[in-house]
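Notes to accompany the following structure.
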Amino acid sequence: MPVRSTALLTASALTLLSLAACTSPSGTTNPPDTGPSVAPSKRTSPAGGVLSSAELRERMLSAADLGPGYTARRTASAAASPKASVLGCEPLERLGDDPYASFPARAKVVLHGANGKVTEELYSASPAELSAGIREIMSALTACPTYQLAMATTVVEVSTRTVPAPRRGEGQWAQLVTVRAGSRSSTVQQLVIRDGSVLLVLSGAPTQVALSADTALAKATAQ
């Protein structure tokens, strides 16, 4: 069944497809140590209040946050991504066209640079709504260690592995997604952090996600 691709679902597939134009050999990226390095952050969302989409957009990473050579492309909705089809994982198929549809406020930015691409998605709802929604989404994402993802005429093999997440915010989750097409493969880190009424989703090269996480969370939850 067709589903709308999100950073959580197809960032690695899109990365792999972009490698097809490269002549250098490719391989999986070694993930960094994702264990905790600092104490959990305290809630900084204003009294746990729900933020608007416009407020979320003001709190997103900018190209300057990632260093020279990066450019940012913002979209009004995280659902404005290419469509894909999940094959061989019924729980993922049941997520539907937009897994985050129940969250009333959202924003998305894709940052491109020489060191790779980082996708940030922000959502806002009451803490209870975010907790319930992300539990359902994470349950689906961890249900199938392998499945296929069809995009246009390309079908790729996807394997997933849950890894320790840095202890930030009030809830955190991390996954490595490896996508293989023929002899080529690519691994993307997916990091989810909930802090109060804000949900942060980062996807990209493992090293870049690790370097960007604290800055992204600080901006997303600033008072």
Problem set entry | Some residue of segment 74-90 being surrounded by 11 or more Cβ atoms within 10 Å (Cβ to Cβ), of a type in the set (S, T, N, Q), at pLDDT 80 or above and out of contact with any helix residue (DSSP H, G or I) (no Cβ under 7 Å at 6 or more places or on another chain) | yes
Exercise. From the set of residues in segment 152-175 that are part of a strand (DSSP E or B) and more than 19 Å from ALA84 (Cβ to Cβ), which is least open to solvent (accessible area, probe 1.4 Å)?
Worked result: ALA174
Seminar exercise, completed: Residue count, segment 91-132, condition in contact with a helix residue (DSSP H, G or I) (Cβ under 8 Å, 6 or more places away or on another chain) and assigned to a loop (DSSP other than H, G, I, E, B), comes to 9
For this session: Please go through segment 109-122 and pick out each residue that is open to solvent by 20 Å² or more (accessible area, probe 1.4 Å) and either on the phi > 0 side of the Ramachandran plot or modelled with pLDDT of 80 or more (or both).
Result: HIS112, GLY113, GLY116, LYS117
Exercise. If SER139 passes every condition in (1) in a strand (DSSP E or B); (2) of a type in the set (Ser, Thr, Tyr); (3) farther than 25 Å from ARG73 by Cα; (4) at pLDDT below 90 but one, which one does it miss?
Worked result: (1)
Problem set entry | Exclusive hit being over 18 Å from SER131 (Cβ atoms), of a type outside the set (Asp, Glu) and out of contact with any helix residue (DSSP H, G or I) (no Cβ under 9 Å at 6 or more places or on another chain), set GLY204, GLY182 | GLY182
Exercise. Does ALA174 fit the bill of being in contact (Cβ under 8 Å) with a residue 60 or more places away in the chain and small (Gly, Ala, Ser)?
Worked result: yes
Exercise. Of the residues ALA181, ALA210, which single one is in contact with a Pro (Cβ under 9 Å, 6 or more places away or on another chain) and either surrounded by fewer than 17 Cβ atoms within 10 Å (Cβ to Cβ) or of a type in the set (Gly, Ala, Ser) (or both)?
Worked result: ALA210
For this session: Give the residue, chosen from GLY96, GLY69, that is open to solvent by less than 40 Å² (accessible area, probe 1.4 Å) and either within 16 Å of GLU120 (Cα to Cα) or at pLDDT below 85 (or both).
Result: GLY96
For this session: Please determine, by comparing only the residues of segment 105-128 that are farther than 21 Å from ALA140 by Cα and not small (Gly, Ala, Ser), which one is farthest from the chain's Cα centre (by Cα).
Result: ASN115
For this session: Could you please find all residues in segment 127-147 being among the β-branched types (Val, Ile, Thr) and surrounded by 17 or more Cβ atoms within 10 Å (Cβ to Cβ)?
Result: ILE134, ILE137
For this session: Taking LEU200 as the residue in question, decide whether it is part of a helix (DSSP H, G or I) and either open to solvent by less than 10 Å² (accessible area, probe 1.4 Å) or at negative phi (or both).
Result: no
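The values are calculated or read from the model by the stated rules, or taken from the named source; none is laboratory data. Quick caveat, the model's predicted, so the values are computed rather than measured. Every residue, glycine as well, gets a Cβ built from its backbone with ideal geometry; the counts of neighbours run over all protein chains shown. SASA here: full protein model, heavy atoms, side chains in, ligands and nucleic acids out. Shrake-Rupley method; radii C 1.70, N 1.55, O 1.52, S 1.80 Å.
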